[in-house]
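Asks: One structure is given below, represented as structure tokens, and several questions about it will come after.
The values are calculated or read from the model by the stated rules, or taken from the named source; none is laboratory data. Note that the coordinates shown come from a computational prediction; the quantities given were computed from them, not determined experimentally. Reconstructed Cβ throughout: ideal geometry from the backbone, glycine too, with neighbour counts over all protein chains shown. Ligands, DNA and RNA are excluded from the accessible area calculation, which covers all protein heavy atoms including side chains. Shrake-Rupley method; radii C 1.70, N 1.55, O 1.52, S 1.80 Å.
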Amino acid sequence: MQETLKELEKELKLRLKPVWDRYDEALREEAFAFSEAYKSFLSESKTERETVEWILEESQRKGFSEKGPRKVFAVNREKAMALSVLGKRPLKEGLRIIVCHIDTPRLDLKQNPLFEDLELAFFRTHYYGGIKKYHWVAQPLALHGVVVREDGKRIKIRIGEEEGDPVFTCCDLLPHLARRTQEEKKLKEAIEAEKLTALVGHIPFPEDEEAKERVKLQILKLLRDRYGIKEEDLTSAELQLVPAGKARDLGLDRSFIGGYGQDDRVCAYCALRAILEVEEPEFTALVLFVDKEEIGSDGNTGAKSRFLELFVMKLLELSGLKPTEALLKETLYRSKALSGDVTAGVDPNYKEVHELQNNARIGYGVALSKFTGTGGKYSSSEASAEYVAEIRRILNGEGIAWQMVELGKVDEGGGGTVAKYLAVYGMDIIDCGTPLLGMHSPFEVASKADIYETFRAYKAFLRWT
């Protein structure tokens, strides 16, 4: 009997189906409910420290502790964290690891930030990560962070998020006067980094009208009266300006979430929820939340640090094993991992930078990237064909919507993730995360369907048998 065209197409062709068409009413309701909790997380966790604080509180509520015995956590300098649930199999057979980063592009205050010019007080900033500088002018900004005084006292700062709070902004130049200063320049040069100064006040200290910098002095007095800090204390501070306001539903059908920091807190939240629901995994499950990915993963809280090794040594000890370096290397070598990071969804306005057959579509599920890097796959880790097949089998077995993607056209640009820093241990790893619109902007957009499929993918991976 001759096969028909439709039969052959159904059997042989790769056909992607929108997630909303795959969902019944129950799954749609689950996706929307999941997104409500995610919005709260996104609105409250705008820095690494705030994210770790949220994760710590949620994990302790679910029975995680520093001493285990089965559900274990460790915190690295309040800016990175690990969670693990010990599995049925011996640790030396390997772990199931998901690694996500929790830092985001932003404006950091310089260590000596406060100045006055023309009776206006400003904070000088130093941008962090890959930003388009023009995104950060004429925006309401909130100030988050911590100040540590010389006596060791820590003062938490969070201004601009509550109803009635003041906000800050980096003022832009009016179009009437911008022709030479901005409009005749290349887009990336129109806003200079040193002009990203945040306006903070202009009421002068009331005494001695001939004195200099009276507005700056009044701002310092406010900081002293409200927070007990002086100007020198700002040199030992980590203060960040981030977009003010909460994450929101987007669209008439409320199918999207718009908000700051979804790269990569969407994957971090999905991974957190996944491990909180894992009770008795076959292999030990581990979720690692790291800092500094946006600037190369360097530093003692980034993926290049030895924090993962220290945590796995702790797990070996809790399992009753002698944590030798040889056993640590064998355990990590036999592990399998997901690099939970976002990718760019195709924006219909900018199709020219995408290769549509191999780039992520919004609403088509979690995105798998066999490799990242730039140009000829430079500076990337590439998953093996065998490992991709294993991941396919897990996702297909659970009915999870997934798509295999790259980031843009080959010669257009590119980007990297933390995958290569875990691959050095010899473990299998592949990038797996949510596609976004407007990535690295102050207001990123994700589909609720893709978010929920990311969560389902992570949960299935951690339960891998």
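Asks: Considering region 310-326 alone, what residues qualify as being in a helix (DSSP H, G or I) and open to solvent by 30 Å² or more (accessible area, probe 1.4 Å)?
Replies: Of region 310-326, the ones in a helix (DSSP H, G or I) are 310-318, 325-326.
Within region 310-326, L310, M313, K314, E317, L318, E325, A326 qualify.
Asks: Continuing with the same structure: Which one of G258, G299 is open to solvent by less than 50 Å² (accessible area, probe 1.4 Å) and touching a residue at least 12 places away in the same chain (Cβ under 8 Å)? Even if it seems obvious, please write down each step before you answer.
Replies: Working: G299 fails: touching a residue at least 12 places away in the same chain (Cβ under 8 Å).
The match here is G258.
Asks: Only one of these is open to solvent by 10 Å² or more (accessible area, probe 1.4 Å) and under 22 Å from the mean Cα position of the chain (by Cα): G365, G397, G415, G376. Name it.
Replies: On the way: G365 fails: open to solvent by 10 Å² or more (accessible area, probe 1.4 Å); G397 fails: under 22 Å from the mean Cα position of the chain (by Cα); G376 fails: under 22 Å from the mean Cα position of the chain (by Cα).
None of the others qualify; the one that does is G415.
Asks: List every residue pair whose Cβ atoms lie under 8 Å apart, where the two residues are 6 or more positions apart in sequence or sit on different chains, the first residue falls within region 163-185 and is part of a loop (DSSP other than H, G, I, E, B), and the second residue, located anywhere, is small (G, A, S) and open to solvent by 90 Å² or more (accessible area, probe 1.4 Å).
Replies: none
Asks: State all residues of region 444-465 that are open to solvent by 10 Å² or more (accessible area, probe 1.4 Å), in contact with a Leu (Cβ under 9 Å, 6 or more places away or on another chain) and over 11 Å from V366 (Cα atoms); if no residue qualifies, say none.
Replies: Our first condition is that a residue be open to solvent by 10 Å² or more (accessible area, probe 1.4 Å); within region 444-465, this holds for 445, 452, 456, 459-460, 463-465.
From what's left, in contact with a Leu (Cβ under 9 Å, 6 or more places away or on another chain): 445, 452, 456, 460.
Residues satisfying the conditions are V445, A460.
Asks: Report yes if V137 is at pLDDT 95 or above, open to solvent by less than 60 Å² (accessible area, probe 1.4 Å) and over 23 Å from F443 (Cβ atoms), otherwise no. Explain how you work it out, then say what you get.
Replies: Numbers: at pLDDT 95 or above: yes; open to solvent by less than 60 Å² (accessible area, probe 1.4 Å): yes; over 23 Å from F443 (Cβ atoms): no.
In short, no.
Asks: Of F123, F168, which residue is surrounded by 14 or more Cβ atoms within 10 Å (Cβ to Cβ) and more than 25 Å from the chain's Cα centre (by Cα)?
Replies: Details: F168 fails: more than 25 Å from the chain's Cα centre (by Cα).
On inspection, the qualifying residue turns out to be F123.
Asks: Suppose we keep only residues that are touching an Asp or Glu at 6+ places or on another chain (Cβ under 8 Å) and among the charged types (D, E, K, R) within region 67-103. Which one would you say is surrounded by the most Cβ atoms within 10 Å (Cβ to Cβ)?
Replies: Only one residue tops the list, namely D103.
Asks: Polar (S, T, N, Q) and free of Cβ contacts under 8 Å to residues at least 40 places away in the same chain: is that true of Q403 in this structure? Quick ask: steps written out before the conclusion?
Replies: Working: polar (S, T, N, Q): yes; free of Cβ contacts under 8 Å to residues at least 40 places away in the same chain: no.
Considered against the rule, which asks whether it is polar (S, T, N, Q) and free of Cβ contacts under 8 Å to residues at least 40 places away in the same chain, Q403 comes out as no.
Asks: Can I ask one more? Of the conditions (1) more than 30 Å from R334 (Cβ to Cβ); (2) of a type in the set (F, W, Y); (3) crowded, with 20+ Cβ neighbours inside 10 Å, F64 satisfies every one except a single condition; which number is it?
Replies: The failed condition is (1).
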